[in-house]
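**Q** I'd like to ask some things about the structure below.
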Amino acid sequence: MAEGDGIATGPRVLADVLVEASPNGVLVADQEGRLVRANPAAFRLLPMADDPAGMALADAIAVPLIVDALGPGREDRFEAVIALDERELLVRALSFSLEGRRGRLALVEDVTRLRQAERYRSEFVANVSHELRTPATAIAGYAETLLDDGEALDPGVHRMVEVIHRNARRLTELFDDLLHLSRIDAREGPLPVSGVLLEPVVQSCLDKVAAPAAEKELTLQSFGLAGVRVQGNREALGHVIGNLLENAVKYSMEGGVVTVGARRRDGGWRIEVIDVGIGIAPAHHDRIFERFYRVDKGRARAAGGTGLGLAIVKRLCDKMGAQVSVRSQVGRGSVFRVWLPEGVAGGEEEPGEEESGEEEAGD
């Protein structure tokens, strides 16, 4: 900008202009817990004192959660959605150090329309999936009945019925997974958790993949499960481990080994599902938990599946306070890891007694 245009353009001035013009609320607190700065958007979004600069946070901002997020002594990154006056606000806070001064910075974003649109999308997907699942199930059922009497069918007709049956089953699985995700997304807040003995959950999952593993002559093995208790949701944990084991079997080469076990790590337990299958290139690791993301579309179609299994794993882990990650190399297999806190002894709920992920977050 040419000199004389009447606008100063130093870095600090530019930062001030951006903060003042931001549609998101910006709040800055010092290390003593006083409000240093609030931009105009913060006043529009939040109930605040008329002239809050220099005031204690509790006096300046009438939202206890934000006061706590900006409070002195906190060093963590904070993120939460709060409901305020029929609006939903995404609040993110972190610590900073600038020119020898330390404090906390919070950004407040109005996500009301975004979350409403997400709810509409989720409801639409759930309704459509529910309506389409019924005819797909009927088609698969009638095709299976015809195949039961396959000797009476012309060979060409038999092949066509097999194709109908296979694709109807794939559609049914897709609709089931879409409904599963919709129910997880529709649930507000985390899943109920308790102390869960890991070994019976894993054994149940191993039993379910035993038949497809036998078809590929895979060896299923486990380690470190005896007596391990994690803090989680039993039904959700069953879905997580089950999905990971199904993928391990699906993408393993014939005659391979699939292993599941537990190791004590970082004050909790890390559950590992290990295969020596085809593997995943590192470039895909950050995206494989997205819905419908395929590493290799042709390979995935040949193996079957809906492209939603790992998305379900990620959402269920988020809902029960678990962390999921992957290590993998092409041609050398994959290790999927789920970290959970150590379970509290004596608090385990038996299947069917808890408010389960099957009813609230699952199929």
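**Q** Could you count how many residues in the stretch 271-310 are in a strand (DSSP E or B) and at pLDDT below 70? Step through it out loud before you land on a result.
**A** So the first thing to find is which residues in the stretch 271-310 are in a strand (DSSP E or B), and the list is 271-275.
Restricting the remaining residues to those that are at pLDDT below 70 gives none.
Final tally of qualifying residues: 0.
**Q** Here is a further query. Return yes when Ala29 is assigned by TED's automatic domain parsing to the domain that holds Gly103, surrounded by fewer than 16 Cβ atoms within 10 Å (Cβ to Cβ) and not in a loop (DSSP other than H, G, I, E, B) and no when it is not. Please lay out each step first, then the result.
**A** Numbers: assigned by TED's automatic domain parsing to the domain that holds Gly103: yes; surrounded by fewer than 16 Cβ atoms within 10 Å (Cβ to Cβ): no; not in a loop (DSSP other than H, G, I, E, B): yes.
So Ala29 does not fit the description; no.
**Q** While we're on this one: Out of Glu99, Glu144, Glu86, report the one residue that is out of contact with any Phe, Trp or Tyr (no Cβ under 6 Å at 6 or more places or on another chain) and either at negative phi or in the same structural domain as Ile164 (by TED's automatic domain parsing) (or both).
**A** Values: Glu99 fails: either at negative phi or in the same structural domain as Ile164 (by TED's automatic domain parsing) (or both); Glu86 fails: either at negative phi or in the same structural domain as Ile164 (by TED's automatic domain parsing) (or both).
One residue alone meets the criteria, Glu144.
A quick yes/no check of all residues on (1) closer than 30 Å to Phe223 by Cβ; (2) at pLDDT below 90; (3) loosely packed, with under 13 Cβ neighbours inside 10 Å; (4) in contact with a strand residue (DSSP E or B) (Cβ under 7 Å, 6 or more places away or on another chain):
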| site | (1), (2), (3), (4) |
| --- | --- |
| Ala106 | no, no, no, yes |
| Leu114 | no, yes, yes, no |
| Arg121 | no, yes, yes, no |
| Phe124 | no, yes, yes, no |
| Tyr142 | no, no, no, no |
| Glu151 | no, yes, yes, no |
| Val196 | yes, no, no, yes |
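**Q** Any idea which of Gly255, Gly261, Gly242 is touching an Asp or Glu at 6+ places or on another chain (Cβ under 8 Å), modelled with pLDDT of 90 or more and surrounded by 13 or more Cβ atoms within 10 Å (Cβ to Cβ)? Working first, answer last.
**A** Values: Gly255 fails: surrounded by 13 or more Cβ atoms within 10 Å (Cβ to Cβ); Gly242 fails: touching an Asp or Glu at 6+ places or on another chain (Cβ under 8 Å).
Every option except Gly261 fails the conditions.
**Q** Then there's this: Name the residues in the stretch 126-161 that are closer than 14 Å to Leu171 by Cα and of a type in the set (Val, Ile, Thr), would you?
**A** Val128, Thr134, Thr137, Ile139 - these are the residues of the stretch 126-161 that are closer than 14 Å to Leu171 by Cα and of a type in the set (Val, Ile, Thr).
**Q** Test His180 against the stated conditions and say whether it is under 19 Å from His130 (Cβ atoms) and in a helix (DSSP H, G or I). Break it down into steps so the answer makes sense when it comes.
**A** Values: under 19 Å from His130 (Cβ atoms): yes; in a helix (DSSP H, G or I): yes.
Taking the combined requirement at face value, the residue satisfies it.
**Q** Residue by residue through the stretch 183-232, note down the ones that are part of a helix (DSSP H, G or I), free of Cβ contacts under 8 Å to residues at least 60 places away in the same chain and more than 20 Å from Leu340 (Cβ to Cβ).
**A** Within the stretch 183-232, Asp207, Lys208, Val209, Ala210, Ala211, Pro212, Ala213, Ala214, Glu215 qualify.
The values are calculated or read from the model by the stated rules, or taken from the named source; none is laboratory data. Just so we're clear, the structure is a prediction, and the values are computed from it rather than from any experiment. Virtual Cβ from ideal backbone geometry, glycine too; neighbours counted across all protein chains shown.
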